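Working notes, beginning with the structure itself.
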Amino acid sequence: MSTIRDGSLAPGGKQKIDWVREHMPVLNELAREFRETKPFSGLRVAICLHLEAKTAYMAKVISESGADVTITGSNPLSTQDDVAASLAADGVTVHSWYGASDDEYREHLRLTIESRPHLIIDDGGDLVALLHSSYTHLIKDVIGGAEETTTGLIRLRAMAAAGELKIPMIAVNDAYCKFLFDNRYGTGQSVWDGIMRATNLVIAGKTVVVVGYGWCGKGVALRAKGLGARVIVCEVDPVRAVEAVMDGNSVMPLLQAAASGDIFITVSGCNSVIGREHFLNMKDGAILCNAGHFDIEINKKELAQMAGEIRTVRRNVEAYIIEEKRIYLLAEGRLVNLAAADGHPAEIMDLSFALQVESLRYLNDNYGKLQSDVLSLPAAVDERVARRKLFAMGIAIDSLSSAQQCYLSSWKQE
Ligand code: ADE
């Protein structure tokens, strides 16, 4: 039985899922194939992902491919209750609701892992961490899992290095068709969607400070420029900092940037990157938000300690009053693109979720042959997803002649 907020919301959720389905051609192609071949027949699949329409559609595809699917949300503010209701009405077991407290969030995770999965899809590592801490007796039935995001992979690699990872985990985030598009163009667009929906303010002419210049940070900075902002990048990695400079951004320490920024976006994956000393340096009206997986990048505790008053001034906007100064925090410092908007565009998640579904197939096809480690998805699978996307977009490309293939595989000059 599902644990959802309100089953009567299902029609609204169905409408959202129907819309994204029309814009996810690669996943549709896999769905057509899997409906025939039923590759997950008899298997239980547990999913922990941002529970919005694209995720729901993928869960339906896996369910229609023969699996018994149980799903929870990977963030208390990203679950959409209407989508959850629609999915539950369609035979997927859902344990999630919007605005879950920490205890409720953990309970939803527990209910999901208690479905005794053979296959797991995780986003951020919470489900796999729970399996390896409180549910070790279930590990023997798990064929493997797939991890969606950078933060989850950092956790998994730490587990593997400590010898504590007991199942094969596919690093979906490391596939080219994931990070090049989802992290860069997906985050680049959806973060601005979230900021603009939350604030309804102009971006042109503002100074935007992007903290972290990984693939997500690159996308956020790129789109900020397109919207007419001046961009400052703050980085700790010298190579990325050089890259940020050559991409046309200003680069400086965050303490210095704090004084001139109008909008601050954390995408570093690290904790407490913006804290007391930065808040003290900020201008009146500075807007802060986070696009990293966890709400640990902006030190909310210090912000609250410094504030004489905290007021909700709009949906997803809280003003922290520090003496005469107002600092606005969006979406409680949680992922602004999912808490204040709908996450990445459907055409982008089409690639990421095609890779997820392909990862489950790969794990199942290679049952017993894979190591309990963090594993790459074979390049051929990545390439197949890219080819399907090109086909769906109506774009043809050239191929190498056999003479060219021969040239590229020999070391002698002719
Ligand atoms: N929608 C579902 N999962 C998502 C993710 N990890 N990032 C952005 N949008 C999403």
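Kirkwood radius for the chain, taken over all pairs of different Cα atoms as the inverse mean of 1/r, rounds to 22.3 Å. Given C-alpha coordinates of segment 156-277, what is the ratio Rg to Rh with the Kirkwood estimate of Rh? Result: Rg/Rh = 1.03. Considered as an equivalent ellipsoid built on the Cα gyration tensor, segment 4-152 has semi-axes of 22, 20, 13 Å, the largest given first. With only the Cα atoms considered, segment 62-216 has a convex hull volume of 148 Å³ per residue.
Given a Förster distance of 41 angstrom, what is the FRET efficiency for Y135 paired with D284, based on the Cβ-Cβ distance and rounded to 0.05? It comes out at approximately 0.25.
Of the cross-linked pairs K14/K178; K16/K60; K166/K369; K54/K166; K54/K389, those separated by over 19 Å at the C-alpha level are K14/K178; K54/K166.
Each of A286, W97, H137 was placed along the dipole of the chain (beta-carbon charges, centred on the mean Cα), and the one lying farthest toward the positive end is A286. Cβ crowding within 10 Å ranks H95, H293 as H293, H95, fewest other Cβ atoms first. Sorted from longest to shortest, the spans of the Cα atoms of segment 185-255 along the three principal axes equal 35, 23, 20 Å. Convex hull of alpha carbon positions in segment 253-306: directionally averaged projected area 3.4 nm².
Between segment 308-364 and segment 1-57, the C-alpha centres lie 21 angstrom from each other.
Here the extension length gained between L201 and R387 equals 63.0 nm, from 0.36 nm per residue of separation less the Cα-Cα distance.
About the centre of its Cα atoms, the chain shows a dipole size close to 340 debye [charges on the beta carbon of Lys, Arg (+1) and Asp, Glu (-1) only; nearest 20 debye]. Taking the helices alone, the chain has a mean residue ellipticity at 222 nm of -12500 deg cm²/dmol, built from -39,500 (n - 2.57) per DSSP H run of at least 4 residues and averaged over all its residues.
In a reduced charge model with +1 at each Lys and Arg Cβ and -1 at each Asp and Glu Cβ, segment 25-156 shows a dipole moment near 400 debye about its Cα centre.
Of all aspartates and glutamates in the structure, the ones whose alpha carbon falls short of 14 Å from that of K325, not counting any fewer than 8 places away in one chain, are D262, D284, E309.
What you get for segment 296-402, charging only the Cβ of Lys and Arg (+1) and of Asp and Glu (-1), is a dipole of about 200 debye around the Cα centre.
With both residues required to sit in the chain, DSSP beta bridges show an antiparallel share near 20%. The Rg/Rh ratio of segment 59-120, with both radii computed over alpha carbons and Rh defined as the Kirkwood radius, is 0.96. The length gained by stretching the chain between S41 and N366 to full extension, at 0.36 nm per residue less their Cα-Cα distance, is 115.4 nm.
Kirkwood's formula applied to the C-alpha pairs of segment 301-414 gives a hydrodynamic radius of 19.8 angstrom. Counting beta carbons within 10 Å around each of D174, D342, D182, D18 and listing the fewest first gives the order D18, D174, D342, D182. Look at the dipole of the chain built from charges on Cβ: of Q413, N75, F264, the Cα furthest out on the positive end belongs to Q413.
One decimal place: the segment R116-S402 gains 98.0 nm when fully extended, by the rule 0.36 nm per residue minus the C-alpha distance. With neighbour counts taken as other beta-carbon atoms within 10 Å, the residues E235, E107 rank, fewest first, as E107, E235. Taking only the alpha carbons of segment 343-403, we obtain Rg and Dmax values of 14.6, 45 Å in that order.
No lab work stands behind these numbers, since they all come straight from the coordinates. Nothing here was measured: the structure is a model prediction, and the numbers come from that model. Heads up, the Cβs are rebuilt from the backbone with ideal geometry, glycines too, and the neighbour counts pull from every protein chain shown.
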